[in-house]
Amino acid sequence: MKLGVLISGRGSNLKSLIDACAQPDFPAEIVCVLSNNPDAAGLAHAARAGIPTQVFNHKDFARRETFEALLDEALRAAGVELVCNAGFMRILTDGFVAKWHNRQINIHPSLLPSFKGLHVHQRTLEAGVRISGCTVHYVRPEMDEGPIIAQAAVPVLPDDTPETLSARVLEAEHKLYPMAVRLIAEGKVRVVNERVALNFNGSDAAGPLFVPPLASE
Ligand code: GRF
């Protein structure tokens with residue numbers, strides 16, 4: 001499956017996808033990386049891996065639709081079958097989202113539908129939840145909404161700062177995103193009534209996760 005990755009910054013999730021695609025048995029390849037930010041550090045990951053990159057600086061365009069038309073054109077020209085948003089910080093119009101319906105996914109650093117939007121880890125700590133995590137979901141017009149493909153959970157620890165929590169969640173993101181892409185590329189993901197029907201044997205994952213851990217007897 002041909003992937004196009006949209007980034008705006010650091011690109012650590014892009015890097016995890018590049019590494020996954022380098023595995024001989026991985027059923028996807030990245031054919032282009034697009035950024036709205038010319039200074040996105042992630043562009044260097046793509047360049048090192050020999051993946052074509054293009055920058056469309058949103059500041060150069062008065063209308064969001066013009067910017068998005070160029071993104072769309074670049075994705076189509078590269079033959080992209082699945083768009084992977086990886087830290088892409090522009091809101092996309094309904095028109096763009098409709099064009100890539102069920103062919104565009106995003107990763108978000110919380111257990112959606114909790115903590116949509118920005119400053120996720122700060123708000124997670126303020127809320128005092130014991131478990132956080134990350135979510136890969138199909139993109140819909142509303143930000144951080146859409147059928148959930150996969151989630152990973154991590155504990156929130158007593159001394160956590162937004163930075164330490166973010167690092168723990170990010171480690172999970174780097175495993176979850178390639179896993180979700182693999183599921184899609186292998187044809188194991190279907191959207192039925194705006195929920196994802198997954199083709200996997202649930203018995204392995206059925207145990208509860210306790211934070212704090214259950215006291216051992
Ligand atoms: C990640 O936490 C991702 O979940 C969120 O933005 C961050 C991007 O990080 N959407 P990176 O650019 O992939 O390192």
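The values are calculated or read from the model by the stated rules, or taken from the named source; none is laboratory data. What you see is a predicted model; the values in this text were computed from it and never measured. Positions of Cβ are generated from backbone atoms using ideal geometry, with glycine treated the same way; all protein chains shown enter the neighbour counts. Surface accessibility is based on the protein's heavy atoms, side chains included, excluding ligands, DNA and RNA. Shrake-Rupley method; radii C 1.70, N 1.55, O 1.52, S 1.80 Å.
Backbone phi angles across the range 143-157, fed through the Karplus curve with coefficients 6.51, -1.76 and 1.60 (θ = phi - 60°), yield HN-Hα couplings of 4, 6, 10, x, x, 7, 8, 7, 9, 10, 10, 10, x, 9, 9 Hz in residue order; Gly and Pro are listed as x. Between residue 87 and 107, the built amide H atoms are under 5 Å apart, and every one of these is 5 or more places off in sequence or on another chain. Helical content alone sets the calculated 222 nm signal of the chain at -10000 deg cm²/dmol, taking -39,500 (n - 2.57) per DSSP H segment of four or more residues and averaging over every residue.
Taking the Cβ of residue 189 as the centre, find all other residues whose Cβ is under 12 Å away and add up their charges (Lys, Arg: +1; Asp, Glu: -1). Here the count lands on +4. One equal scatterer on each Cα of the range 96-217, no solvent, Debye formula: the resulting log10 I(q)/I(0) at q = 0.18 Å⁻¹ is -1.00. Whole-Hz Karplus values for the range 13-30 come out as 6, 4, 4, 5, 6, 4, 5, 5, 5, 6, 6, x, 9, 7, x, 8, 9, 8 Hz, taken residue by residue from phi with 6.51 cos²θ - 1.76 cosθ + 1.60 and θ = phi - 60°; glycine and proline positions read x. Restricting the range 84-186 to GluC sites (Glu not before Pro) that sit in a DSSP loop and have at most 14 other Cβ atoms within 10 Å of their own Cβ leaves 142, 186.
Cross-link reach is defined here as a Cα-Cα straight distance under 16 Å, omitting same-chain residues fewer than 8 places apart; for residue 175 the lysines meeting it are 15.
With a Förster radius of 41 Å applied to the beta-carbon distance between residue 61 and residue 211, the computed FRET efficiency rounds to 0.35. Across the chain, where is the longest run that never hits chymotrypsin sites (Phe, Trp or Tyr not before Pro) in a DSSP loop with at most 14 other C-beta atoms within 10 Å? After excluding every exposed loop site, the longest remaining stretch is 1-199.
Accessible surface comparison of 114, 12, probe 1.4 Å, protein chains only, largest first: the order is 114, 12. In a simple Cβ point-charge model (Lys, Arg +1; Asp, Glu -1; nothing else charged), the range 152-217 has a dipole of about 440 debye relative to its Cα centre.
Rounded to whole numbers, the Karplus 3J(HN,Hα) couplings from phi for the range 55-69 are 10, 10, 6, 4, 5, 7, 10, 6, 10, 4, 5, 5, 4, 5, 4 Hz, using 6.51 cos²θ - 1.76 cosθ + 1.60 with θ = phi - 60°, and x at Gly and Pro. Based on the reciprocal of the average 1/r between different C-alpha atoms, the Kirkwood radius for the range 119-183 equals 12.5 Å. Given their separation in residues at 0.36 nm each and the Cα-Cα distance between them, residue 171 and residue 74 gain 31.9 nm when the chain is fully extended.
Near the amide H of residue 30, within less than 5 Å, lie the amide hydrogens of 3, all on another chain or at least 5 residues away, with H placed in the peptide plane. So what's the gap between the Cα centers of the range 133-166 and the range 24-88, to the nearest angstrom? About 23 Å separates the Cα centre of the range 133-166 from the one of the range 24-88. Taking a sphere under 10 Å around the Cβ of residue 110 and counting the other residues whose Cβ falls inside, with K and R at +1 and D and E at -1, yields a net charge of +1. For the chain, the calculated P(r) over all alpha carbon pairs, in 5 Å bins from 0 to the bin holding the longest distance, is 1, 7, 14, 18, 20, 17, 12, 7, 3, 1, 0, 0, 0 percent.
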